[in-house]
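Right, one structure below, let's go through it.
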Amino acid sequence: MVSRMRFGMNLLLWTTHVTEQHEATLAFVKECGFDGVEVPIFEGDPDHYARLGRICDRLGLQRTCSAGMAPEHDAISPDAAVRAAATTRLKQLVDCAEALGADVLCGPLHSAFKVFRGRGPEQQELQWSAEVLRAAAEYAQPKQVLLAPEGLNRFECYLVNTARQLRALCDLVDHPMLRAHYDTHHMHIEEKSQAAAIAKVAPVLGHVHFSENDRGVPGTGQVDWQGAFAALREHGYDGWCVIEAFSRLVPDFAAGIHVWRDYFDQPEDVCRDGLRFVRAGMGA
């Protein structure tokens, strides 16, 4: 089971834009024992990420990356031009991921973050999202970048909140370069059981975020960790296991995700204590 399993740290704990100035942070993550890092792609071009990839290579860190979609890149907009812009944006993100040397591009790629329409999702919107994601997956295939759309909680998204909805979207896209991204924080809010939710999405599961209910150190809050770990082991998951936690180091980003206080003494605590916890839970 553990032949391909890798443990990563999401760098959003420190910054929304990783640059050469974060080399000491990258080195610290490596020293903690992580296999790789998850790099947010909110800005920058392929050249920037190629330089960052070379730093990671030197440090011996593998890479995944994460991104979100802005309102002007909403794959479920009724405006065809906006949906076309979503396809273009996803292709740009794939180019950055390829330059970085990342093998996964994850996050809420299916629709714009925090864009609501006063109702629940409609089948047409699911179809629009699938069409955009399929085009992006086809583009990503020769670049060997796996797309992993993420289910979010109801306060951040309305298209894909549950494991069932995430599975339905992946089934609709039906492309080998697109698989589900499961996050324990969001499913703690939306699902009644981590184990049951993982069972629903397991056939299409491609990426996992280990994130506590308060976005602090995994294992210190209310997430049913033993249920999640046991289900992932039972279903033979052996992909990336990425710790995601947030701080107030970037005030605008913290405000956007409603992080108003600290959930740990130091960001480094998340790496040391979190990695020890999740490695033990996954039997690694």
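We did not get these values from a lab; they are worked out from the coordinates using the rules stated. This structure is a prediction, so every number in the text was calculated from the model and none was measured. As a convention, Cβ positions derive from the backbone with ideal geometry for all residues, glycine included, and neighbour counts pool all protein chains shown.
Measuring nothing but how far apart in sequence close Cα pairs (under 8 Å, 6+ apart) lie, relative to its length, the chain scores a relative contact order of 19 percent. Remark: the residue 72-residue 31 segment gains 10.8 nm on full extension, using 0.36 nm per residue and subtracting the alpha carbon distance. Under the convention that each Lys and Arg Cβ holds +1 and each Asp and Glu Cβ holds -1, the size of the dipole of segment 19-87 around its Cα centre is about 220 debye.
Using the alpha-carbon positions of the chain, Rg (one decimal) and Dmax (whole number) come out as 17.4, 49 Å. Only DSSP H runs of four or more residues enter the estimate; each adds -39500 (n - 2.57), and after division by the residues of the chain the mean residue ellipticity at 222 nm equals -13000 deg cm²/dmol.
With a Förster radius of 35 Å applied to the C-beta separation of residue 88 and residue 58, the computed FRET efficiency comes to 0.60.
Set the Förster distance to 41 Å, then compute FRET efficiency between residue 172 and residue 266 from the Cβ-Cβ distance, nearest 0.05.
The formula returns an efficiency of 0.45 here.
The value of relative contact order for segment 7-116, using C-alpha pairs under 8 Å at least six residues apart, is 28 percent. Summarising the amide proton neighbourhood of residue 146: residues at separation of 5 or more, or on other chains, whose placed amide H is nearer than 5 Å comprise 104, 105. For a paramagnetic label modelled on residue 80 (point 7 Å from Cα along Cα→Cβ), amide N atoms under 15 Å away are absent within segment 111-125. Loop-located trypsin sites (Lys or Arg not before Pro) in segment 1-101 (DSSP state not H, G, I, E or B) with no more than 13 neighbouring Cβ atoms inside 10 Å: 4. Springs between Cα atoms under 10 Å define the GNM used for the chain, and in it the highest mean-square fluctuation of 214, 273, 265 occurs at 265.
Taking 8 Å as the Cα distance limit and 6 or more residues as the minimum spacing, I'd like the relative contact order of segment 143-284 as a percentage. Computed over segment 143-284, the figure is 20 percent.
Among 25, 64, the ranking by other beta carbons within 10 Å of each residue's beta carbon, starting with the fewest, stands as 25, 64.
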